[in-house]
Amino acid sequence: MDSQFGLMNVWHQGDFVTKAVALLLIGMSLASWIVILIKALDVIKYKRQATHSQDFWHSEDFATALNKLGTNDSNPFRALALEGREAAAHHRNTKAHLHDALDVSDWITRALRNGIDEFTARLQTGLAVLASVGSTAPFIGLFGTVWGIYHALMSIGTAGQATIDKVAGPIGEALIMTALGLAVAIPAVLGYNALVRGNKFVLTKLNSFAHDLHAYFVTGARVQSGSVEATVVPLKKG
């Protein structure tokens, strides 16, 4: 026997506004989950690439180091290394009167910064969807609740009596819209926060890698740490 309450009853008894709100919330939930899954897989991939980026410096020349980063063009560490190499080569081939306008350090810094900015923009794609869903879904659900209560009160007014059996069902069904709004918003907010933390980790590693690349292309060696064990053999130009 079909239940007189619940989501199916809300759908069958609701008007076009109630159904539109329900469909909107379901669409927002699907969009947020798609973004969360896709971006989470990207963050996992970039974290794995970040752990392998240290192998870059344990190489005899630049070509070998580049091969250790793989051949995937979506690897931000490989893309950054290529950006730095192209910037350094371009600066060496610049004529003398233009050569004086911008020194090699500033030129490579700009090239690496542009690469990081482009990757940051790509990394943050989709987060606006989660932020929008997390901030608006509860209010959309609340609108559905208010609309349902309005119709419940109109029915009570038409019947001329407000007994508990006539109030409990319609009001409970209306409150389901608030619960649906929260069910959509909470995963979006949690997913947004988790992805932001993951993105910060990846960007921190990328900025550190860019700093070492800058030192390598300007001075010919990576910045050395204080410990002897951390010394890395400078890469040969290639």
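Before moving on, here are some points about what is shown:
- Summed over region 30-48, the residues that are within 13 Å of Pro76 (Cα to Cα) and surrounded by 20 or more Cβ atoms within 10 Å (Cβ to Cβ) give a count of 1.
- Residues satisfying the stated conditions in region 121-163, i.e. surrounded by fewer than 16 Cβ atoms within 10 Å (Cβ to Cβ), among the β-branched types (Val, Ile, Thr) and at pLDDT 80 or above: Thr125, Val146
- Test: Tyr216 is surrounded by 12 or more Cβ atoms within 10 Å (Cβ to Cβ), assigned to a helix (DSSP H, G or I), of a type in the set (Phe, Trp, Tyr) and at pLDDT 90 or above: no
- Residue in region 164-172 that is modelled with pLDDT of 85 or more, in a helix (DSSP H, G or I) and touching a helix residue (DSSP H, G or I) at 6+ places or on another chain (Cβ under 6 Å) present: no
The values are calculated or read from the model by the stated rules, or taken from the named source; none is laboratory data. Keep in mind the model is a prediction, meaning the values are calculated, not measured. Reconstructed Cβ throughout: ideal geometry from the backbone, glycine too, with neighbour counts over all protein chains shown.
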